[in-house]
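Data block below; observations after.
The values are calculated or read from the model by the stated rules, or taken from the named source; none is laboratory data. Not measured: the values here are computed from a predicted model. Methodologically, a virtual Cβ is constructed for each residue, glycine included, from the backbone with ideal geometry; neighbour enumeration extends over all protein chains shown. Just the protein is used for accessible areas: all its heavy atoms, side chains included, with ligands, DNA and RNA removed. Shrake-Rupley method; radii C 1.70, N 1.55, O 1.52, S 1.80 Å.
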Amino acid sequence: MDKPSMARMYDYYLGGNHHTPADVAAAERVLVAVPTLKEIARANRAFLRRAVTELTAAGVRQFLDIGSGIPTAGNVHEIAQQHAPDSHVVYVDIDPEAVAHSNELLNGNHGAAAVQADLGDPASILEHPEVERLLDFDRPIALLMLSVLQFLPDTTALPAVRKLREALPPGSFLALTHPATDALTQGPRDTVDTVYRTTNAPTTTPRSRAEIAALFSGFELLEPGLVWVPLWRPGHDPGPVDPTTMPMLAGVAVRQYR
């Protein structure tokens with residue numbers, strides 16, 4: 001049996017068809033522990049669409065999406081280039097299959113590319129030829145890291161995020177989502193961790209709201225701050241959000257000019 005892939009499992013949660021029986025089996029085991037995970041994944045994806053739309057409207061024309069996974073409808077380049085055709089987008093993933101599939105879809109799009117690199121080694125991202133070709137680090141960039149940092153321990157994630165933040169010029173933005181331990185009880189967390197150890201992303205690191213907020217260090221959170229995913233600028237009344245069934249926090253922050 002193939003080793004389950006986090007990118008393909010996420011595709012399954014989103015209702016895609018780019019996954020194997022091993023991915024489905026692993027995903028279903030996670031769903032036993034977190035029955036609302038499909039809804040969480042879709043809310044996470046909806047946040048991505050809202051954030052990119054807002055950032056494009058704010059004048060951002062460059063996007064670096066790390067941990068992008070298997071492409072689905074409403075990708076960053078589709079949203080950004082719909083509003084601003086001159087937008088440039090680079091997708092980064094450690095999974096070669098996800099990168100290959102992305103580049104198939106991006107064939108002929110000269111403003112977007114997918115690259116294989118490791119978030120744990122930010123230099124492999126920042127110095128990648130496609131990143132250097134498409135992104136100008138003298139102009140604002142939106143760094144997107146959605147539901148990816150929990151798969152890295154603090155010893156890897158914190159230095160990597162710091163180096164990526166520091167590489168961004170003033171006027172740049174950081175958008176991320178991260179599950180919060182405040183809302184997920186220990187039993188489901190243990191089950192999820194056990195399943196993920198069988199995948200190509202074997203480490204999960206629980207973080208509190210305060211620890212997630214610290215990932216934005218040096219940036220100023222935009223309104224409404226760090227909130228449960230459906231509550232970030234929904235454009236409508238989302239109604240009450242139960243953190244125990246939607247334990248994903250989201251935020252967008254800007255690096256101010258000094």
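Data for the structure
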item: Computed over the chain: relative contact order in percent, which uses C-alpha pairs under 8 Å that are six or more apart; result: 20 percent
item: Mean ellipticity per residue at 222 nm, deg cm²/dmol - from DSSP H runs of n ≥ 4 across the chain, formula -39500 (n - 2.57); result: -11500 deg cm²/dmol
item: Positive dipole terminus of the chain, leading residue within G15, A26, H83 (C-beta point charges); result: H83
item: Region 1-107 - Rg (one decimal) and Dmax (whole number), Cα, Å; result: 14.8, 47
item: Within region 100-131, GluC sites (Glu not before Pro) in DSSP loop having at most 15 other beta-carbon neighbours inside 10 Å; result: E127
item: Estimated inter-spin distance, A25 and L105, nm [label 7 Å along Cα→Cβ]; result: 2.7 nm
item: Ranking by accessible area, most exposed first, for M246, M145 with a 1.4 Å probe; result: M246, M145
item: Percent accessible area from carbon and sulfur atoms, the chain, protein chains only, probe 1.4 Å; result: 54 percent
item: Per residue solvent-accessible surface (Å²) - the chain, probe of 1.4 Å; result: 44 Å²
item: Kyte-Doolittle mean at least -0.5 and Cα axial length at least 24 Å: DSSP H helices in the chain; result: 37-57
item: Size of charge dipole - the chain - debye, nearest 20, with Cβ of Lys, Arg +1 and Asp, Glu -1, no other charges; result: 440 debye
item: Placed amide H near L152: partners under 5 Å, 5+ positions off or other chain; result: T205
item: Relative contact order of region 1-127, pairs being alpha-carbon contacts under 8 Å that are 6 or more residues apart, as %; result: 19 percent
item: Candidates I79, I141, I66: whichever shows maximal mean-square fluctuation once the chain is modelled as a Gaussian network with Cα springs under 10 Å; result: I79
